[in-house]
Amino acid sequence: MNITVASGKGGTGKSMVAANLAWSLSASDPVTLVDCDVEEPNLHLFFPDGHPVVSPVSVLVPDIDPDRCTLCGECARFCAFGALVAAKDRVLFFPEHCHSCGGCAVACPEGAIAEIARPIGTVTERTISPSLRLVTGTLNEGEVLAVKVIQKAKAAAGNAPWVIIDASPGTSCPVVETLTGSDFCILVTESTPFGLHDLAIAYDVTYQMGIQSGVVINRSDGKDEAAHRFCEEKKIPVLAVIPFERRIAEIQGSGNLISRRDPAWKERFCAIGRACRALWEGA
Ligand code: SF4
Ligand code: SF4
């Protein structure tokens, strides 16, 4: 089963939920945990062990042969992203704007454009325990094609019985790419007006994509009526409420997991996984 953990805003504890869920489920089943928050991956901080195997992620970009180029400007006119500009004496290329569509190579009447690989990030695989793998996608600084790195990270995940994917916060293209193909989405929120506002937006994305979801309310101060009301209205199950407790904050702050320290929490996260599976199978 493939579960994406998402949230409408940053700082809700989404990565903490993903890491605890993966760790807990791995006690009885093989699990692959995938960090698709590629601009700021952080799951490896919870799992520092394991030898990293790093694979580069590259995209194809145009390489113009100046000896064949007649400066006709056809490629620049074709490129919808403004990555090519025909100047008086050469064609200028702005790699950060290129979406690697390959169209300019086809459009060039002189056959002056070849395609070469340009690295934009990495996918790192670690074996944390005999039943837990961590796959981390990392986008190089200054790059924008997060979606390409996410696709590679998801492909590296394989098809373990449980694949738990940590999405980036928000509802932009990288989140939609991360959610694509998911069986279920856990939406992590907190009991504040901002949290509820962003939960509604994130839920709407999963709804539009036809992906069943459930909610985890994190850092609850016990005043979660609005979040519960929203979930009732939308018929979204509340999978768990995690209280705002000093002990939990201290454990997380030290880079540890509450489920690794406390068997009761391990069982609670296993129950979240089982509930997701039951909802998915019953859908
Ligand atoms: S590959 Fe596509 S996006 Fe990149 S420069 Fe060529 S036309 Fe533009
Ligand atoms: S389309 Fe080809 S020949 Fe024309 S400017 Fe571009 S690279 Fe040069």
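The values are calculated or read from the model by the stated rules, or taken from the named source; none is laboratory data. What you see is a predicted model; the values in this text were computed from it and never measured. Every residue, glycine among them, receives a Cβ derived from its backbone with ideal geometry; neighbour counts consider all protein chains shown.
Here is a yes/no grid of residues against (1) away from ligand 1 (no atom under 13 Å from the Cβ); (2) in contact with an Asp or Glu (Cβ under 6 Å, 6 or more places away or on another chain); (3) within 20 Å of A156 (Cα to Cα):
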residue	(1), (2), (3)
A86	no, no, no
D89	yes, no, no
F93	no, no, no
C104	no, no, no
A107	no, yes, no
E110	yes, no, no
I113	no, no, no
V123	yes, no, yes
S129	yes, no, yes
Item to check | Answer from K9, K14 - the residue that is at pLDDT below 95, crowded, with 21+ Cβ neighbours inside 10 Å and out of contact with any Leu (no Cβ under 8 Å at 6 or more places or on another chain) | outcome: K14
Item to check | Residue within region 56-69 that is within 16 Å of ligand 1 (Cβ to nearest atom), in contact with a strand residue (DSSP E or B) (Cβ under 9 Å, 6 or more places away or on another chain), in a strand (DSSP E or B) and among the hydroxyl-bearing types (S, T, Y) present | outcome: yes
Next on the checklist: Condition (residue is in contact with a Phe, Trp or Tyr (Cβ under 7 Å, 6 or more places away or on another chain) and either away from ligand 2 (no atom under 16 Å from the Cβ) or in the same structural domain as N42 (by TED's automatic domain parsing) (or both)) applied to region 93-101: is it met by at least one residue?
Outcome noted: yes
Checklist entry - Would you call S100 among the small types (G, A, S) and out of contact with any strand residue (DSSP E or B) (no Cβ under 7 Å at 6 or more places or on another chain)? => result no
Next on the checklist: If G142 meets every condition in (1) modelled with pLDDT under 95; (2) within 16 Å of ligand 1 (Cβ to nearest atom); (3) not hydrophobic (A, V, I, L, M, F, W, C) apart from one, which number is that one?
Outcome noted: (2)
Next on the checklist: Cβ-Cβ distance below 8 Å, separation of 6 or more or different chains: which pairs start in region 186-214 with a residue that is within 21 Å of R277 (Cα to Cα) and end on one that is among the aromatic types (F, W, Y)?
Outcome noted: L187/Y203; I211/F184; Q212/F184; Q212/W280; S213/F184; S213/Y203; S213/Y207; G214/F184
Checklist outcome for this item: Flagged pairs (Cβ under 7 angstrom, 6 or more apart or on separate chains; first in region 131-149, free of Cβ contacts under 8 Å to residues at least 60 places away in the same chain; second surrounded by 19 or more Cβ atoms within 10 Å (Cβ to Cβ) and in a helix (DSSP H, G or I)) are V147/P174; V147/E177
Checklist outcome for this item: Listed by range, helices (runs of 4 or more DSSP H) wholly within region 151-259 having at least 2 residues that are farther than 26 Å from H44 by Cβ and among the basic types (K, R) are 225-234
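Being aliphatic (A, V, I, L, M) and more than 8 Å from ligand 2 (Cβ to nearest atom) is the filter here; which residues of region 63-92 pass it?
A80, A83, V85, A87, L92
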Checklist entry - Which residue pairs have Cβ atoms under 8 Å apart, sit 6 or more places apart or on different chains, and have a first residue in region 68-80 that is more than 14 Å from G111 (Cβ to Cβ) and a second that is more than 7 Å from ligand 1 (Cβ to nearest atom) and of a type in the set (K, R)? => result L71/K88; L71/R90
